[in-house]
Amino acid sequence: MDRIRITGGQRLSGTIPISGAKNAALPLIAACLLTDKPLTLNNLPDLADIKTMTRLVETLGVEATGGDVTEANGGRRLTLTAANITETTAPYDLVRTMRASILVMGPLLARFGRAKVSLPGGCAIGTRPVDLHLNAMERLGAEVELEGGYVMVSAPNGLIGNRVTFPKVSVGATENLLMAAALAKGQTIIENAAREPEIGDLVHCLNSMGAKISGQGTDTLTVDGVDELHGADERVIPDRIEAGTYMMAAAITEGDVTLSHVDPGALEAVTALLRSAGVIVEEGDRTLRVAMDGRVTGVDVETQPYPGFPTDMQAQLMALMARAQGAAMITETIFENRFMHVPELVRMGADITVHGASSLVRGVDRLVGAPVMATDLRASSSLIIAGLGAEGVTEVNRVYHLDRGYERLEEKLTAVGALVERVSDERTF
Ligand code: EPZ
């Protein structure tokens with residue numbers, strides 16, 4: 001298994017191009033199932049999760065063509081055609097590696113009247129149930145059955161629009177419902193919908209495919225169902241979490257980094273927080289400059305659905321705060337078990353105490369490199385940031401987590417002056 005080895009203490013300086021957003025691309029790939037016409041996606045990042053999702057729709061019968069680099073930031077262009085769907089079952093083998101596989105349920109149900117999806121089960125960051133997805137499908141008239149670890153949804157006579165009020169904000173359930181409702185009969189009103197930029201991207205794509213969805217950017221979305229959708233040529237939005245991760249990396253190394261191909265508007269909560277910690281953040285049209293001289297000041301934060309501070313940035317912020325002057329109280333409100341990075345950061349010299357959903361981070365003068373590992377994507381990237389800001393060598397194990405969400409991580413960091421390399425553990429005997 002590969003590791004990433006970082007020799008810390010290098011000041012980052014230069015430009016990092018930001019890739020297309022993994023979490024926007026995944027639902028767009030699922031959306032191809034809604035029509036028999038080609039859906040072309042641009043600015044796709046080259047990531048393990050994107051390959052898994054593409055493989056999943058191919059298993060169902062989708063034809064995927066292209067995949068070449070067409071953008072200056074390395075973004076790829078892929079055309080997906082779901083003209084010959086032969087299968088409506090998303091198998092365990094693929095679903096267990098990626099929870100977002102559940103997103104094929106809404107489109108399959110809407111277009112073919114049935115879907116069978118392996119239950120994703122729990123994962124490292126919490127129990128992560130799918131009840132909100134299933135309740136939403138039931139509200140549109142689907143029957144839901146659970147058997148042998150699979151959820152089977154069916155609506156032989158089609159889905160019927162309805163009012164769906166989510167008891168809790170869910171990005172995935174909002175996406176699944178949007179796709180199902182796009183082809184339902186009549187109107188669906190989604191209340192307490194997620195407002196993440198990735199939802200906006202999906203609404204844009206579905207509307208380009210002929211859907212009638214309004215209310216984008218608010219927590220109430222109205223979907224007027226149509227009989228069929230057509231193809232489209234869409235562009236995946238920039239990855240705000242990748243960008244936010246490099247913002248933290250620039251700050252912890254007291255560097256001066258410009259991010260290109262980014263949407264500064266989607267990062268306002270992160271920018272505001274960094275500014276209150278003393279970091280200089282300058283917003284351009286499609287750029288963000290992040291500069292820091294000295295240690296940041298400890299700042300308290302609570303994760304919230306968009307437009308609040310993202311849970312997907314909590315671990316990276318904690319790494320930054322580990323070297324702050326003063327203390328930071330970091331509260332996680334979205335997932336119940338998203339502090340797995342804490343013991344690893346502590347092994348690098350951080351002073352962190354967990355109290356339920358909050359972590360008290362008392363900033364220390366120095367972090368010291370160590371072999372570390374993490375059990376999820378963002379926890380792993382938090383250890384990369386800590387390694388960049390630490391003295392000596394840090395080795396982050398289980399690199400496959402990083403490969404799920406960060407395109408060419410070592411290359412991008414090396415280009416701005418970090419000492420980072422991928423080390424293969426492959427034995428030669
Ligand atoms: C999306 O996951 C993202 N994944 C996650 O990013 C992100 O952390 C999360 O949204 C929150 O922003 C993708 O977009 C592919 P949710 P999702 O449904 O949709 C509970 C990353 O690192 N819930 O908004 O699965 C759930 O347990 C990943 O890139 C239910 O109770 O998250 C959580 O507490 C990790 N029942 C809360 O809602 C349900 O049926 C929000 O989860 C669904 C969710």
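The values are calculated or read from the model by the stated rules, or taken from the named source; none is laboratory data. Source: prediction; values computed, not measured. Backbone-built Cβ (ideal geometry, glycine too); neighbour counts: all protein chains shown. Accessible surface is based on the protein model in full, side chains and every heavy atom, while ligands, DNA and RNA are left aside. Shrake-Rupley method; radii C 1.70, N 1.55, O 1.52, S 1.80 Å.
Let's see how each residue does on (1) modelled with pLDDT under 95; (2) more than 11 Å from the ligand (Cβ to nearest atom); (3) over 23 Å from Ala83 (Cβ atoms):
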| residue | (1), (2), (3) |
| --- | --- |
| Gly121 | yes, yes, yes |
| Thr127 | yes, no, yes |
| Gly200 | no, yes, yes |
| Asp219 | no, yes, yes |
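Among the strands (runs of 3 or more DSSP E) confined wholly to the stretch 172-283, which include 2 or more residues that are touching a residue at least 24 places away in the same chain (Cβ under 8 Å) and open to solvent by less than 10 Å² (accessible area, probe 1.4 Å)? Let's see the steps before the verdict.
Details: elements: 187-191, 212-214, 220-224, 232-235, 256-260, 280-283.
In the stretch 172-283, the matching strands (runs of 3 or more DSSP E) lie at 187-191, 220-224, 256-260.
Yes or no: the stretch 94-111 includes at least one residue that is over 30 Å from His341 (Cα atoms), assigned to a loop (DSSP other than H, G, I, E, B) and either within 16 Å of the ligand (Cβ to nearest atom) or not small (Gly, Ala, Ser) (or both). There is no residue in the stretch 94-111 that is over 30 Å from His341 (Cα atoms), assigned to a loop (DSSP other than H, G, I, E, B) and either within 16 Å of the ligand (Cβ to nearest atom) or not small (Gly, Ala, Ser) (or both).
Using the structure shown, decide if Glu302 is free of Cβ contacts under 8 Å to residues at least 40 places away in the same chain, open to solvent by 20 Å² or more (accessible area, probe 1.4 Å), charged (D, E, K, R) and within 15 Å of the ligand (Cβ to nearest atom). Answer is yes for this residue. Checking each residue in the stretch 385-400 for being crowded, with 23+ Cβ neighbours inside 10 Å and not β-branched (Val, Ile, Thr) picks out Ala386, Gly387, Leu388, Gly389, Ala390. Being open to solvent by less than 10 Å² (accessible area, probe 1.4 Å), under 21 Å from Leu402 (Cα atoms) and under 22 Å from the mean Cα position of the chain (by Cα) is a property that Asp93 lacks.
Here Asn42 clears all of (1) more than 22 Å from the chain's Cα centre (by Cα); (2) part of a strand (DSSP E or B) except the condition numbered (1). The residues of the stretch 358-369 that are touching an Asp or Glu at 6+ places or on another chain (Cβ under 8 Å), open to solvent by less than 50 Å² (accessible area, probe 1.4 Å) and free of Cβ contacts under 8 Å to residues at least 40 places away in the same chain amount to a single one, Ser358. Listed by first and then second residue, the pairs linking a residue in the stretch 137-162 that is more than 24 Å from Val223 (Cα to Cα) to a residue that is open to solvent by 40 Å² or more (accessible area, probe 1.4 Å) and among the hydrophobic types (A, V, I, L, M, F, W, C), with Cβ atoms under 6 Å apart and 6 or more places separating them unless they lie on different chains, are Glu145/Met152; Gly149/Leu119; Val151/Leu119. If Ile334 passes every condition in (1) assigned to a strand (DSSP E or B); (2) more than 28 Å from Arg76 (Cα to Cα); (3) among the β-branched types (Val, Ile, Thr) but one, which one does it miss? In the conditions (1) assigned to a strand (DSSP E or B); (2) more than 28 Å from Arg76 (Cα to Cα); (3) among the β-branched types (Val, Ile, Thr), Ile334 misses (1) alone. In the set (1) charged (D, E, K, R); (2) under 30 Å from Glu71 (Cα atoms); (3) part of a helix (DSSP H, G or I); (4) open to solvent by less than 60 Å² (accessible area, probe 1.4 Å), the condition left unmet by Glu407 is number (3).
Applying the condition of being of a type in the set (D, E, K, R) and not in a strand (DSSP E or B) to the stretch 284-299 and asking which residue is least open to solvent (accessible area, probe 1.4 Å) yields Arg295.
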